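I have placed the structure first, in the form of structure tokens, so that the comments after it can refer back to it.
Taken together, the values in this text are just the output of simple stated rules run on the coordinates, not laboratory data. Note that this is a predicted model, so its numbers are computed, not measured. Cβ atoms come from the backbone with ideal geometry, glycine included; neighbour counts cover every protein chain shown.
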Amino acid sequence: MSVLERQQEAGHAIRSPVINDFSLVVATANGTGSQTANLTLLRSFFKLGIPVHGKNIFPSNIQGLPTWYHIRVSHEGYIARRPSEILVAFNPATAHDDVQELPSGGVCIYSADLKNLPQRNDLIYYRVPVGELIAGIDVPVKRKPYIANMAYVGVVAWMLEVPLEVVEEALGAQFGYRQKLVESNQQVVDRAYAWAAENLSKQDPFRVEPMNKTEGLIVMTGNEAGALGAVFGGASVAAWYPITPSTSFMDALREYLPKLRKDDQGKPTYTIIQAEDELAAAGMLLGAGWAGARAVTSTSGPGISLMAEFVSYGYFTEVPAVIWDIQRVGPSTGLPTRTSQGDIAFAYTLGHGDTKHPILLPSSIEECFEFGWKSLDLAEQLQTPVFVLSDLDLGMNNWMGRPFEYPDQPMQRGKVLSAEQLQAMGGFARYKDVDGDGIPYRTLPGTDHPLAAYFNRGSGHNEQAQYSERAEDWLNNMARIARKFETARDLVPAPATELNPSARVGIIAFGTTRYAIEEARDRLAHRLPTSLLRLRALPINQAVRDFVAAHERVYVIELNRGGQMHGILQNELPEFAGRLRSIAYLDGMPLTARWVEDRLLKEEESSL
């Protein structure tokens, strides 16, 4: 519950100060350059030391349709989406609905160009003469519409009492300290700030004050963090086909690899290939993995479907590869620029036949970086394709996080035999389980030994990698791969658990839903004590079984329609299927703490 809501419930005057606790939404049109202005505000709050998070809700076309940028400021450190008390209304197409959604006591900062704006007696309005404020600014005519957004930055800075030098510093970071760009934008900010101070009377309760809760933190998108992690994990081949919201993952790889992956002569030691489609990209990935390179791609749900044949081939022939799936809502006719956790079941069993793949589930930029390198280790240790399931919210939005902990151990290449080892062993059988863990030994092309070669053909083969359609060979091979999947349970990242000794109710979550759930748990601490287990990977291990066994009811909360993770867990834990309850919801938006709180209470009422 926001401070404003608490004041309203208690009957207090709205004039009571609300410091470092509000949600602001900027409503503009896509393609108008508002992202620069929005990120400048975000960086300003961050530089003041206040925990902050921004979510860009944008349309699937290139230009013209409505877009909203939500900024959550919280001195308590909460970063989940929350209904906004402050609206910047700069889009006539949505202004009516945007104003109606504001709570009583909210603030509307609007462009003077807007006509017929709804007038509510319970709101505070600040009118901004944008045309007047950008008149005479020395920028090319084409840039005038873009620089106009700095007018609302200046008014918001005045309203919230953000020092102008902090805004200028944020602009510098935003523009890479290119002085001419900083100066032209700051000029509009300064004008708007001065105009507001002279012409507006502050009536709202909101303001910011410096804190020290962002000291030592960084701001980054999940896609950037994951790409950087892949670089530090030794990725040397990337094959891809563009698709929202995964393209920025490859954009980041294309930025980091030239800086970090060169030989002593300055020549690149990596390859990035844009394929003709996702099927071709997956084929290139497996070819590179078979040859001994560490290979990675990024895509989303529709791309995953096109990769199915090669991913299935990689599963049965046991070739390492890493696939980042930045999840979105449906295909291009759905909501391709909205966030989702709808690919869990699809990716887990993607392929033709009895396939199951390890899946990593990051929830923060720190975990995106960690899983960026750890997924490459797992793929080689397990000799199989590994999925990393992020989502649009994590992948494309800016998040605060701690500086990354870089790998402190050599790359884990798994069971790769050298020529010397082959000589000592007298050869090897490519698909034989020597150690009882289901993982066979392999060689890499070019290994200088006559017994190193093997035939890498499809799903039907015996232990010696010879083509076979014998039922016994098929059954033996499938039993061994099943043992390998059991081995994976203790190799994938373990879940993160927060146990409450007094809780009879547990919650299982994964990915970015954690933030709304963690805030809701705090709000429910006295009414409904709960424990929380956050899945970081599939397959599950003993810790998940123990968590479910320790609670009377366990709610699996996820951002999809059908409760996909709930179904997976019921299948994996049939003896506890009755304890597992599904809370699934998908409208394309990140969950809010209020929704989670209300839904948990409703579910508990129906259970009594």
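Brief remarks on what is shown
- Under 5 Å, built H, 5+ apart or other chain: amide partners of residue 67: 28, 29, 30
- Of interest is the spacing of the C-alpha centroids, which for segment 253-286 and segment 544-583 amounts to 40 Å.
- Distance from the C-alpha centroid of segment 299-366 to that of segment 197-240: 27 Å, rounded to the whole angstrom.
- Dipole magnitude (debye, nearest 20) for segment 419-488, charges at Cβ of Lys, Arg, Asp, Glu: 160
- Pair residue 180, residue 434: separation of 7 Å Cα→Cβ label points (nm): 6.4
- Length-normalised contact order for segment 442-561 - Cα pairs under 8 Å, 6+ apart - percent: 26
- For residue 251 and residue 498, the difference between the fully extended length at 0.36 nm per residue and the C-alpha to C-alpha distance is 85.3 nm.
- Between amide H atoms placed 1.01 Å from N, distances below 5 Å from residue 537 occur with 361, all of them 5 or more places distant or on a separate chain.
- Each label point was placed 7 Å from the Cα along the Cα-to-Cβ direction; for residue 76 and residue 449 their separation is 6.1 nm.
- Mean separation of Cα contacts under 8 Å (6+ apart) over length of segment 419-488, as relative contact order %: 32
- Calculated on C-alpha atoms, the gyration radius of the chain divided by its Kirkwood radius gives an Rg/Rh of 1.02.
- Dipole of the chain [Lys/Arg +1, Asp/Glu -1 at C-beta], most positive-end residue of 601, 524, 39: 39
- Sites residue 607 and residue 96 - FRET efficiency at Förster radius 45 Å, r taken between beta-carbons, to 0.05: 0.65
- Cross-link table 432/484; 47/202; 144/202, entries beyond 22 Å C-alpha to C-alpha: 47/202; 144/202
- Compared with the dominant principal axis of the Cα atoms in the chain, helix 34-47 is inclined by about 90°.
- DSSP-assigned coil residues among GluC sites (Glu not before Pro) in segment 173-252, each with at most 15 further Cβ atoms within 10 Å: 215
- Theoretical FRET efficiency, 1/(1+(r/R0)^6), r = Cβ-Cβ of residue 217 and residue 475, R0 45 Å, to 0.05: 0.25
- Remark: relative contact order (the chain) = 11 percent; criterion is Cα-Cα distance under 8 angstrom and separation of 6 or more residues.
- Residue-wise HN-Hα couplings along segment 317-327, as the Karplus relation 6.51 cos²θ - 1.76 cosθ + 1.60 with θ = phi - 60° gives them from phi, are 8, 6, 10, x, 6, 10, 10, 8, 10, 8, 5 Hz; Gly and Pro carry x.
- Hypothetical label at residue 402: residues of segment 332-373 whose amide nitrogen lies under 19 Å (7 Å Cα-Cβ projection): 361-373
- Efficiency of FRET from Cβ geometry, residue 526 and residue 144, R₀ 56 Å, rounded to 0.05: 0.55
- The chain: antiparallel DSSP beta bridges as a percent of all, rounded to 5: 35
- Label-point gap, in nm, between residue 61 and residue 345 - each point 7 angstrom along Cα→Cβ: 3.4
- Converting phi to 3J(HN,Hα) with the Karplus coefficients 6.51, -1.76 and 1.60 and the offset θ = phi - 60°, segment 402-414 yields 6, x, 6, 8, 6, x, 10, 9, x, 4, 8, 7, x Hz in sequence order, with x at every glycine or proline.
- Backbone phi angles across segment 239-247, fed through the Karplus curve with coefficients 6.51, -1.76 and 1.60 (θ = phi - 60°), yield HN-Hα couplings of 10, 7, 9, x, 6, 6, x, 9, 4 Hz in residue order; Gly and Pro are listed as x.
- When each of the peptides 422-433, 548-559 is scored by the mean number of other C-beta atoms lying within 10 Å of its residues, the order from highest to lowest reads 548-559, 422-433.
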